[in-house]
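K.L.:
Dropping the structure in here first, questions after.
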Amino acid sequence: MEKDIDRTGIRLGMWLFLYSEIILFGGLFLLYAVYFHEYPKNFAEGGKALDRIIGSVNTVILLLSSFTVAASITAIRRRSKKLAIFLITFSILCGCLFLVNKYVEWGTKIHHDIFPNSATLQNGPPGTNIFFGLYYVITGLHGLHVIVGMTLLAVSLVFVINGRVNEDRFSMLENSGLYWHLVDMIWIFVFPLFYLVL
Amino acid sequence: MKQEERPEPDDPHVMGYGKLFAIIAALLVLTCITVAVSYVNLGFYNVPIALLIATAKSSLVLLFFMHMKYEGTAIKVSFLSTIAFLCIMISFTFWDVAFR
């Protein structure tokens with residue numbers, strides 16, 4: 001009794017959800033753009049205060065993890081289960097490393113009295129306050145997405161190990177991968193906007 | 001490959017490791033370029049350049065990692081509609097902000 005799997009339908013469903021995510025972050029980027037237009041100087045100063053090295057390292061980490069997730073789908077479809085397990089585990093570890101860096105970064109900022117409602121920001125120029133407000137909201141929301149993505153990958157990993165995800169049925173892994181790539185794509189825009197703007 | 005390829009017209013191509021590797025290499029090179037350019041003060045032009053590189057990078061992720069290149073019409077069209085809507089949202093808001 002074999003039932004046909006509508007893979008395109010399954011992916012389309014995932015994409016519909018991803019569209020809503022694109023619009024969600026699109027709205028936040030729009031907010032950033034409008035205030036950047038209003039306070040270009042404060043935004044440039046704020047951007048210089050962020051650690052470009054940590055930002056670059058996190059970019060590379062996410063890009064690498066995206067690559068390993070994409071490769072794990074190839075691996076599962078070519079029946080190399082062990083390789084797939086290794087690649088997914090590596091991706092989840094990349095996600096952990098990303099969050100550790102984020103923790104260090106936020107920790108340093110908070111230590112320097114830069115966090116929403118802190119005295120430094122309250123008494124400083126409004127543009128700087130808005131820049132760091134957006135920084136915490138956007139990177140925070142992105143961090144939550146990283147956690148969700150890691151959870152989805154972890155579930156996929158369990159399914160790969162127990163054989164529920166295999167060369168014939170891999171939609172769970174594929175959709176988790178799509179989500180992970182979206183998180184990566186959002187970071188690709190967050191990175192230059194916050195860390196690289198002069 | 002040891003397994004025989006079953007004809008599955010519904011299926012996207014299986015991305016080869018070599019191709020995926022080329023994509024990640026390109027992504028890392030673009031990351032280096034965008035970080036390097038950020039150290040050069042080009043004034044206003046830093047912003048469009050950074051966004052252009054970011055768009056190139058996300059296109060690579062989208063087309064190959066998310067295999068949009070191999071998707072059917074439904075997913076392609078719906079994605080483009082989303083981007084069109086995003087463009088409307090951004091441009092109309094700027095229309096208001098810039099000429100206020």
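The values are calculated or read from the model by the stated rules, or taken from the named source; none is laboratory data. Not measured: the values here are computed from a predicted model. Neighbour counts are summed over all protein chains in view; Cβ atoms, including those assigned to glycine, are modelled from backbone coordinates with ideal geometry. Side chains are part of the model used for accessible areas, which takes the heavy atoms of the whole protein and leaves out ligands, DNA and RNA. Shrake-Rupley method; radii C 1.70, N 1.55, O 1.52, S 1.80 Å.
K.L.:
Run down A:Ile130, A:Ile88, A:Ile110, A:Ile54 and say which single residue is of a type in the set (A, V, I, L, M, F, W, C) and open to solvent by less than 30 Å² (accessible area, probe 1.4 Å).
P.N.:
A:Ile88
K.L.:
Considering each of A:Thr68, A:Thr89, A:Thr59, A:Thr74 in turn, give the residue that is more than 10 Å from every other protein chain (Cβ to nearest Cβ) and part of a helix (DSSP H, G or I).
P.N.:
Sole residue among the options that is more than 10 Å from every other protein chain (Cβ to nearest Cβ) and part of a helix (DSSP H, G or I): A:Thr89.
K.L.:
Among the listed residues A:Val158, A:Val146, A:Val100, A:Val137, which satisfies the condition of being in a helix (DSSP H, G or I), over 16 Å from the mean Cα position of the chain (by Cα) and more than 14 Å from chain B (Cβ to nearest Cβ)? Before you say what the answer is, go through the steps one by one.
P.N.:
On the way: A:Val146 fails: over 16 Å from the mean Cα position of the chain (by Cα); A:Val100 fails: over 16 Å from the mean Cα position of the chain (by Cα); A:Val137 fails: over 16 Å from the mean Cα position of the chain (by Cα).
Answer to the selection: A:Val158.
K.L.:
Does region A:67-83 contain any residue that is out of contact with any Phe, Trp or Tyr (no Cβ under 9 Å at 6 or more places or on another chain), in contact (Cβ under 8 Å) with a residue 60 or more places away in the chain and either among the small types (Gly, Ala, Ser) or open to solvent by less than 40 Å² (accessible area, probe 1.4 Å) (or both)?
P.N.:
Within region A:67-83 (the criterion being out of contact with any Phe, Trp or Tyr (no Cβ under 9 Å at 6 or more places or on another chain), in contact (Cβ under 8 Å) with a residue 60 or more places away in the chain and either among the small types (Gly, Ala, Ser) or open to solvent by less than 40 Å² (accessible area, probe 1.4 Å) (or both)), the answer is no, since none of the residues qualifies.
K.L.:
Enumerate the pairs (first residue in region B:67-87 and outside any loop (DSSP other than H, G, I, E, B); second residue anywhere and open to solvent by 60 Å² or more (accessible area, probe 1.4 Å)) with beta-carbon separation below 6 Å, excluding pairs fewer than 6 apart on the same chain, so at least 6 apart or on different chains.
P.N.:
Listed pairs, sorted by first residue: B:Lys69/B:Leu63; B:Tyr70/B:His13.
K.L.:
While we're here: Given the condition assigned to a helix (DSSP H, G or I), open to solvent by 40 Å² or more (accessible area, probe 1.4 Å) and touching a residue at least 12 places away in the same chain (Cβ under 8 Å), answer yes or no: does some residue in region B:40-55 qualify?
P.N.:
The answer is yes, given that some residue of region B:40-55 is assigned to a helix (DSSP H, G or I), open to solvent by 40 Å² or more (accessible area, probe 1.4 Å) and touching a residue at least 12 places away in the same chain (Cβ under 8 Å).
K.L.:
Could you tell me how many of the residues in region A:153-198 are surrounded by fewer than 18 Cβ atoms within 10 Å (Cβ to Cβ) and over 24 Å from A:Lys3 (Cα atoms)?
P.N.:
So the count comes out to 1.
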